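Below you'll find the structure, written out as structure tokens, and then a few comments.
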Amino acid sequence: MKYIVFILFTVMTNAAAQLMLKQGMMSMGPISFEGVNPLLKLLQIVFSPWIFLGLCTFVISMASHLYVLSKVELSFAYPFLSLAYVAVAVFAYFVFREDLNGWRIAGIACICVGTVLIAQSGRDLGGRGHEDQTASITSDKIGANEIVR
């Protein structure tokens, strides 16, 4: 649980990147490749300010996620990324005036409940981090291999 701040940072930067990409695509209007070199159009999209900022934010999010993965179990960290769905839905409602109906709210509630259950499973580690588990498994295997020889 001590890496929860880094996990939540990953979630929020992931959600922020999605919002920036949406803003960028809205500012570009409908995309058409008719009569245009597709590579030039792709470069125009990638280097538009909001899209570029969103992609850079994704890189920051991925770097944070890699750090988290080096510290905690994947099966613990990865489900937290579903909270990005929650953040995007809520912020899209306020920023882009997107619909947030009963079905979406029910889905968000399910995601939140599931994430809380996953978070509770992290307490079962007894304060041991990913490094301690890996080290104990490795030393157990080394000890077993020496006995066999």
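Structure above, values below:
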{"quantity": "Ratio Rg/Rh, restricted to the range 1-49 and using Cα atoms, in which Rh is the Kirkwood radius", "calculated": "1.23"}
{"quantity": "Label-to-label distance, nm, for residues given as Phe96 and Phe52 (7 Å Cα→Cβ offset)", "calculated": "2.2"}
{"quantity": "Positive minus negative residues near Met26 (Lys, Arg vs Asp, Glu; Cβ under 14 Å)", "calculated": "+1"}
{"quantity": "Chain lengthening between Lys2 and Gln44 when straightened (0.36 nm per residue, less Cα-Cα)", "calculated": "11.0 nm"}
{"quantity": "Paramagnetic reach from Met25 (point 7 Å along Cα→Cβ, amide N under 16 Å) across the range 78-94", "calculated": "85, 88-89, 92-93"}
{"quantity": "Estimated distance in nm for a label pair at Cys112 and Val59, the labels positioned 7 Å out from Cα along Cα-to-Cβ", "calculated": "3.5"}
{"quantity": "Whether the range 1-133 is rounded, prolate or oblate, judged on the alpha carbon gyration tensor where a/c under 1.5 counts as rounded", "calculated": "oblate"}
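Bear in mind these aren't lab numbers, they're just calculated from the coordinates by the rules spelled out. It should be emphasised that the depicted structure is a prediction, and the values quoted were computed from it without experimental measurement. Methodologically, a virtual Cβ is constructed for each residue, glycine included, from the backbone with ideal geometry; neighbour enumeration extends over all protein chains shown.
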